[in-house]
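Just below is one structure, and these are the notes that go with it.
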Amino acid sequence: MKHADIAMYQAKERGKNQVHYFTEELNQKILQHVTLEQDLRSGIKNKEFELYYQPKVKVETGEISGCECLIRWHHPTRGLIPPNQFIPLAENSGLIVQLGEWVLEEAIQQQLFWKKMYGIDLPISVNVSAHQFAHENFYTRLQQIFKDFEFEPNKLDIEVTESVLLDDSNHNLSILKMIRSLGVTTSLDDFGTGYSSLAYLKRFPINVLKIDKSFMDDYLSRTGSVFIQTIITMAHNLNIEIVAEGIEQQDQLNYLKSVDCEFYQGYFCSKPLPAKNFIELVQDSLNK
Ligand code: C2E
Ligand code: CA
Ligand code: CA
Ligand code: CA
């Protein structure tokens, strides 16, 4: 939190003439927030982060066709912190730009390592937050990273949420087109939360639509199923592939087969895993 924000909080508190202990509690909260931001800053410097990898699976065959890279934070005193607890802070403080660059470089090096060591040349999906995507250096940095690591852009998929399509969409639209012309593919993440307008698909160059877990959980209800099927049909007509997120049960997988959904992710196949465990899973699945 910025100092100005803190001052505003405190001013608001004084103005409201709240009882003393409430102000104390608020100060406590602000302090935690500030501390976590400082920790985040030093965490980036000290490389306290790790990527976990979750398989992206072909519905029809069970084959692992790629993976999503998901960040974890090994905090020196608090232990393992999941992304939902620090990504929003990283976004608000602008630290997401640095952190996001680390994620890209780490994921790309991991992909190259798997290729070199195991001959496994899997596409990787990386989450890019709206703030990072809209940053003026994003495209240049991406190009530089490809060059530095001699990485084939067509092995990278970038996952964005619809906020990227909402904010200043002309800038973001041209960046999307530019990264697509490098050979990078794009996924629209969390579809089914927020506005989820199918109209985006007409305007923005998207290769893959990821249907959110909350939508997939509702497949048994009549409306839920109608929505899922309509999205799939529409996407297919636009040459867009579908990934169903958060698949945990065999029943859900059977359903995906019946509606011609081509990919899924979810605990049914595997939770996100550290790199070493992930590549073991891939090798096991190849030997089956
Ligand atoms: P997301 O991109 O929607 O990622 C999917 C989340 O669902 C992951 O949570 C994953 O572990 C979880 N998940 C996968 N399959 C299942 C399932 O079958 N059941 C359930 N209950 N959950 C499942 P995770 O790893 O905690 O990440 C949460 C969010 O944090 C991500 O949501 C993404 O928005 C953000 N995030 C993670 N890594 C990064 C990153 O490197 N950069 C940015 N900008 N955001 C990230
Ligand atoms: Ca994602
Ligand atoms: Ca998602
Ligand atoms: Ca999500």
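The values are calculated or read from the model by the stated rules, or taken from the named source; none is laboratory data. The structure displayed is predicted, hence computed values, not measured ones. So basically every Cβ, Gly included, is an ideal-geometry build from the backbone, and we count neighbours across all protein chains shown. Note: areas computed on protein heavy atoms with side chains; ligands, DNA, RNA excluded. Shrake-Rupley method; radii C 1.70, N 1.55, O 1.52, S 1.80 Å.
Report the residue count in region 87-129 for those that are surrounded by 15 or more Cβ atoms within 10 Å (Cβ to Cβ) and either of a type in the set (Asp, Glu) or touching a Phe, Trp or Tyr at 6+ places or on another chain (Cβ under 6 Å) (or both).
Within region 87-129, residues that are surrounded by 15 or more Cβ atoms within 10 Å (Cβ to Cβ) and either of a type in the set (Asp, Glu) or touching a Phe, Trp or Tyr at 6+ places or on another chain (Cβ under 6 Å) (or both) number 6.
Of the numbered conditions (1) of a type outside the set (Val, Ile, Thr); (2) more than 11 Å from ligand 1 (Cβ to nearest atom); (3) touching a helix residue (DSSP H, G or I) at 6+ places or on another chain (Cβ under 9 Å); (4) assigned to a helix (DSSP H, G or I), Gln132 fails exactly one; give the number of that condition.
Status for Gln132: all satisfied but (2).
Does Glu63 fit the bill of being at negative phi, at pLDDT below 95 and not basic (Lys, Arg)?
So Glu63 fails the test.
Return a yes/no flag: does region 177-198 have any residue that is surrounded by fewer than 17 Cβ atoms within 10 Å (Cβ to Cβ), hydrophobic (A, V, I, L, M, F, W, C) and within 25 Å of Phe138 (Cα to Cα).
The answer is yes, given that some residue of region 177-198 is surrounded by fewer than 17 Cβ atoms within 10 Å (Cβ to Cβ), hydrophobic (A, V, I, L, M, F, W, C) and within 25 Å of Phe138 (Cα to Cα).
Check Lys271 against each of (1) within 16 Å of ligand 2 (Cβ to nearest atom); (2) out of contact with any helix residue (DSSP H, G or I) (no Cβ under 7 Å at 6 or more places or on another chain); (3) over 23 Å from Pro153 (Cα atoms); (4) free of Cβ contacts under 8 Å to residues at least 40 places away in the same chain and name the one condition it does not meet.
That leaves (4) as the condition not met.
Results for (1) within 15 Å of ligand 4 (Cβ to nearest atom); (2) open to solvent by 30 Å² or more (accessible area, probe 1.4 Å); (3) within 25 Å of Pro123 (Cα to Cα); (4) without any contact (Cβ under 8 Å) to a residue 60 or more places away in the chain, shown as yes or no for each residue.
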residue	(1), (2), (3), (4)
Ile211	yes, no, yes, yes
Met216	yes, no, yes, yes
Leu220	no, yes, no, yes
Asn237	no, yes, yes, yes
Leu256	no, no, yes, no
Cys261	no, no, yes, no
Phe278	no, no, yes, no
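Step by step: first the residues of region 48-89, then only those that are without any contact (Cβ under 8 Å) to a residue 24 or more places away in the chain and in a loop (DSSP other than H, G, I, E, B), then the one that is farthest from ligand 3 (Cβ to nearest atom). Which residue is that? Lay out the reasoning, then the answer.
First, pick out the residues of region 48-89 that are without any contact (Cβ under 8 Å) to a residue 24 or more places away in the chain: 61, 72, 77-85, 88.
Imposing the further condition that a residue be in a loop (DSSP other than H, G, I, E, B) reduces the set to 61, 77-78, 82.
Values: Thr61: 23, Thr77: 30, Arg78: 25, Pro82: 14 Å.
The residue in question is Thr77.
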